[in-house]
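Single-structure report; data block below.
The values are calculated or read from the model by the stated rules, or taken from the named source; none is laboratory data. Because the structure is a prediction, the values reported are computed rather than measured. For neighbour counting, all protein chains shown are included, and Cβ atoms are generated from backbone atoms with ideal geometry for every residue, glycine included. The area values use the complete protein model at the heavy-atom level, side chains included, leaving out ligands, DNA and RNA. Shrake-Rupley method; radii C 1.70, N 1.55, O 1.52, S 1.80 Å.
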Amino acid sequence: ETHIFLKQGLKEFGVKGEQAVYKELDVLHLQNVFTRQDPGCLTSNEKGKALESLMFLENKQTGAVKGRLVADGSKQRNYIEEGAAASPTVMTESVLITAAIVATEGRDVAVIDLPGAFLNAEMDEVVHMVLRGKLAELMVKVAPQIYRKYVTLGNKRELMLYMTLQKALYGCLRSALLFYLKLVADLEGQGFRLNPYDPCVANKLVTRAQMTLTFHLHDIKILHVDPLEVTQCIEWFKSIYGTDVRISRGTTHDYLGVMLSYSNKQVRISMADYVKKVINGFIEDIHGSASTPGAENLFQIRNEEARVKLNYE
């Protein structure tokens, strides 16, 4: 599977690619991810802060072409403080400890992935985004009665369509955090309590036994001694985040690139497949070996002429 930008993708996939873009825009429109914005009501500063929209086309292994719209959130770095947009993720220790618990106590385990999870979270600030050129044209085709009157021309005579985001579109700096806050609120509404040492671990007593969830954004691991309770928990997630949930059941799971295999009250932990994937996807050929990850020049000292005194003012 490969991801390519819109312009190149339309050249490569032609009508098939344009249909994929239209389908993606139509889905986002029906999910109320954004609403049209009258450009006449925006100040020049607001237009300047509007995020660019990026459409990627993905050539699936099945031969199908899928479009994916994301926002370029780089402009948000100018006014969102570093660290203010970060979402917590499950600690490695928690992944390993819960794996040991599953093996020791014989709990049933499931790993689920919530596709399009961020779009379930509402935006809590005003964020504008602009669609340009072909994207604006296809957006108008999705719902001409809604969008056509708001299309304008840019300096290069390209079509422009301003939107106001209503959902946490991928690419916005705070989208992951907004989804995390929604997920936690949903879990606490069901009686789960966050672990005081890891904000991405939640526990709840279910039929006198502990149910534990660990979550890294939309990748969630569920464990409980009763498989039926695990199934009911999965159904609850489906009722909130949609039925298109990817589910892994059984004794072997790929969780965040870590293979967890359970048997005879033991767990085998491996990242061999993940490492192979990284190596195979690396741009350059990898050969040889190294005794340390440090670069060869790690302990080299510059000569006196090359040294520059730092300015601490």
Revision key, fill the gap. Restricting region 104-153 to residues that are outside any helix (DSSP H, G or I) and in contact with a Pro (Cβ under 7 Å, 6 or more places away or on another chain), the one nearest to Thr207 (Cα to Cα) turns out to be Asp108
Practice item. May I ask you to list the residues in region 154-178 that are out of contact with any Ser or Thr (no Cβ under 7 Å at 6 or more places or on another chain) and in a helix (DSSP H, G or I)? Key: Ser175, Leu178
Review point. If the Cβ limit is 8 Å and pairs must be 6+ apart or interchain, which residue in region 103-114 that is over 23 Å from Phe237 (Cα atoms) pairs with which residue that is of a type in the set (Phe, Trp, Tyr)?
Key: Ala103/Tyr262
Exercise for review: Could you run through region 179-192 and say how many residues are open to solvent by 50 Å² or more (accessible area, probe 1.4 Å) and either in contact with a Ser or Thr (Cβ under 9 Å, 6 or more places away or on another chain) or of a type in the set (Lys, Arg) (or both)?
Suggested key: 2
Check your understanding: Counting just the residues of region 1-34 that are in contact with a helix residue (DSSP H, G or I) (Cβ under 7 Å, 6 or more places away or on another chain) and of a type in the set (D, E, K, R), which one comes out surrounded by the fewest Cβ atoms within 10 Å (Cβ to Cβ)?
Key -> Asp26
**Study point:** Residue among Thr92, Thr98 that is touching a residue at least 40 places away in the same chain (Cβ under 8 Å) and among the hydroxyl-bearing types (Ser, Thr, Tyr)
**Key:** Thr98
**Study point:** Candidate set from region 243-252 (those that are over 20 Å from the mean Cα position of the chain (by Cα) and assigned to a strand (DSSP E or B)); member that is surrounded by the fewest Cβ atoms within 10 Å (Cβ to Cβ)
**Key:** Thr252
Exercise for review: Search region 18-33 for residues that are touching a residue at least 60 places away in the same chain (Cβ under 8 Å) and pair each with any residue that is outside any helix (DSSP H, G or I) and open to solvent by 40 Å² or more (accessible area, probe 1.4 Å) when their beta-carbon atoms are under 8 Å apart and the residues are at least 6 apart or on different chains.
Suggested key: Asn32/Gln166; Val33/Gln166
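Okay, residues lined up against (1) over 19 Å from the mean Cα position of the chain (by Cα); (2) more than 16 Å from Leu169 (Cα to Cα):
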site: Ala20; (1), (2): yes, yes
site: Pro39; (1), (2): yes, yes
site: Leu51; (1), (2): no, no
site: Glu81; (1), (2): yes, yes
site: Pro88; (1), (2): no, yes
site: Ser94; (1), (2): yes, yes
Study note, to complete from the structure: Of the candidates Leu181, Leu228, Leu187, the one satisfying the condition of being hydrophobic (A, V, I, L, M, F, W, C) and either part of a strand (DSSP E or B) or touching a residue at least 60 places away in the same chain (Cβ under 8 Å) (or both) is Leu181
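Take the conditions open to solvent by less than 20 Å² (accessible area, probe 1.4 Å), closer than 19 Å to Ile112 by Cβ and free of Cβ contacts under 8 Å to residues at least 24 places away in the same chain and apply them to Met211. Does it pass?
Working: open to solvent by less than 20 Å² (accessible area, probe 1.4 Å): yes; closer than 19 Å to Ile112 by Cβ: yes; free of Cβ contacts under 8 Å to residues at least 24 places away in the same chain: yes.
For Met211, the condition - open to solvent by less than 20 Å² (accessible area, probe 1.4 Å), closer than 19 Å to Ile112 by Cβ and free of Cβ contacts under 8 Å to residues at least 24 places away in the same chain - is met.
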Exercise for review: Could you please find all residues in region 35-86 being modelled with pLDDT under 95, open to solvent by 50 Å² or more (accessible area, probe 1.4 Å) and among the aliphatic types (A, V, I, L, M)?
Suggested key: Ala84, Ala86
Practice item. Please work out which one of (1) touching a strand residue (DSSP E or B) at 6+ places or on another chain (Cβ under 7 Å); (2) assigned to a strand (DSSP E or B) is the condition Tyr262 fails and give its number. Key: (1)
Check your understanding: Quick check: anything in region 191-205 under 18 Å from Tyr241 (Cβ atoms), among the aliphatic types (A, V, I, L, M) and assigned to a loop (DSSP other than H, G, I, E, B)?
Key -> no
Review point. Out of Ile220, Ile247, Ile234, Ile269, which single residue is touching a residue at least 40 places away in the same chain (Cβ under 8 Å), β-branched (Val, Ile, Thr), closer than 21 Å to Ala117 by Cα and in contact with a Leu (Cβ under 9 Å, 6 or more places away or on another chain)?
Key: Ile220
Study note, to complete from the structure: A careful count of residues in region 225-264 that are in contact with a His (Cβ under 6 Å, 6 or more places away or on another chain) and within 20 Å of Ala209 (Cα to Cα) gives 1
